[in-house]
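Please read the structure below before turning to the comments.
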Amino acid sequence: MTADRPPSPAPVGPVGLSRRAQRFVEVYGIRLPRPDIRGHRDAWIAQGVPAREADRAAAFQDRWGGLALPPAPFYEGGPRILGARCPKRSAAGGWSFSPGDCRVSMAYGFLIGPDGAFGTDADRWTPLHADTDGWVESLALAAHARRWATSVSRITGKAVDALDLDGYEPVPEVQGLTDTWWRGKDSLIALYRGEAAGLDAPRCLEAHLYAGLDEWGLYGG
C-alpha cells in the first residue's frame, strides 16, 4: 500500500452528483496527491476511535480526498483541498472529522458531522448541507448561475429575512440545511445562514440573487 496516490490530470466527478456538478468537478477541479489514510486505521482505533468512524473517514477520503475546487462564494472560499483527518469526539455528540483546511485563517473550521452533514464548527456545530455532495452541488450551481445570470445582487443582514420566496421552490440537489437554494421563474437565490447561526451573528446573514436566467440557466445540467 503506497503512502500517496498519484494525482489524476482529469478528475472524475463522483457518481451520484448531478451532471452540472460532475462537469464542475471535471472542468474546474484539480486532483492532488492524497494520503492513504487507511494506513492510519489501526493507530486511530488504538487511540479510541471506533472502527466505524475510521472507516467513515476513509470512505470520505476515497471519494473526495485530494480534490481542490474553485473558491466558494461565501465562507471565505471554503476548504482549500478536501481530505479527511482523524475523527474526534464532537461537542454535539458522536464523532466528527475535518474535511480539509480552510483557505484562510478564520473563526471556524469545516466538519463532517456524526450523521455525515457538511458544516462549520465555531461557537456551535452548524450543518450547512446534508452531506458533502450538497456542498459541491452548491459550488457548481453558484458557478453556473454566475455565468448565465444577467445580474447578481448581494443582500445582507436583516434584508435577507425580508426576501419574498413566494413562487420559489427549493433546489433539492444542494441538500440544504442551514444554507438553501431557491429556484423561481427566472432567478435563483442562494441563502447563506451558516455563519449567522454558527457565530450567533445575525449581521452575517447573506443571500445572492441571480436574475435574468433562461431555462438553461435555471435547470442546465
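The values are calculated or read from the model by the stated rules, or taken from the named source; none is laboratory data. The structure displayed is predicted, hence computed values, not measured ones. Using ideal geometry, Cβ is built from the backbone for each residue, glycine included, and neighbour counts are taken over all protein chains shown. To get the accessible areas, we keep the full protein, side chains included, count just its heavy atoms, and leave off ligands, DNA and RNA. Shrake-Rupley method; radii C 1.70, N 1.55, O 1.52, S 1.80 Å.
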inquiry  = If a paramagnetic tag sat 7 Å from the Cα of GLU76 along the Cα-Cβ line, which residues of segment 87-131 would have the backbone N under 11 Å from that point?
reply    = 102-110
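For ILE30, ILE155, ILE81, write out the residues from largest to smallest accessible area, computed with a 1.4 angstrom probe and no ligands counted. Each step should come with its number before you reach the end.
Values: ILE30 100, ILE155 30, ILE81 55 Å².
Order by accessible area, largest first: ILE30, ILE81, ILE155.
Given a 1.4 Å probe, how much area per residue of segment 101-221 is accessible, in Å²? Don't jump to the answer; show the numbers that get you there.
Working: 5510 Å² over 121 residues.
Computed with neighbouring chains in place, this is 46 Å² per residue.
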ask   = What angle, in degrees between 0 and 90 and rounded to the nearest 10, separates the Cα long axis of helix 132-148 from the longest principal axis of the Cα atoms of the chain?
value = 40 degrees
note = Helix-only [θ] at 222 nm, the chain, -39500 (n - 2.57) per DSSP H run of 4+, per residue, nearest 500, equals -7500 deg cm²/dmol
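Of the trypsin sites (Lys or Arg not before Pro) in segment 140-221, which ones lie in a loop per DSSP and count no more than 14 other C-beta atoms within 10 Å? Intermediate results must be reported in sequence, preceding the final value.
Details: sites: ARG146, ARG147, ARG154, LYS158, ARG183, LYS185, ARG193, ARG203; in loops: LYS185, ARG193.
Taking segment 140-221 and a limit of 14 other Cβ atoms within 10 Å, the loop trypsin sites (Lys or Arg not before Pro) found are LYS185.
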request  = May I ask you to compute the full-extension gain from ILE30 to ASP101, defined as 0.36 nm times their residue separation minus their alpha-carbon distance, rounded to one decimal in nm?
outcome  = 24.0 nm
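Once the piece of chain linking ASP166 and ALA51 is laid out straight, how much longer is it, given 0.36 nm per residue of separation minus the C-alpha distance between them?
On the way: separation 115, 0.36 × 115 = 41.40 nm, distance 4.65 nm.
Taking 0.36 nm per residue and subtracting the Cα distance, the gain is 36.7 nm.
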Residue order for ASP36, ASP101 - accessible surface, 1.4 angstrom probe, largest first = ASP101, ASP36
message = As a test question: what accessible area, to the nearest 10 Å², does CYS86 have when a 1.4 Å probe is rolled over all protein chains in place?
response = 30 Å²
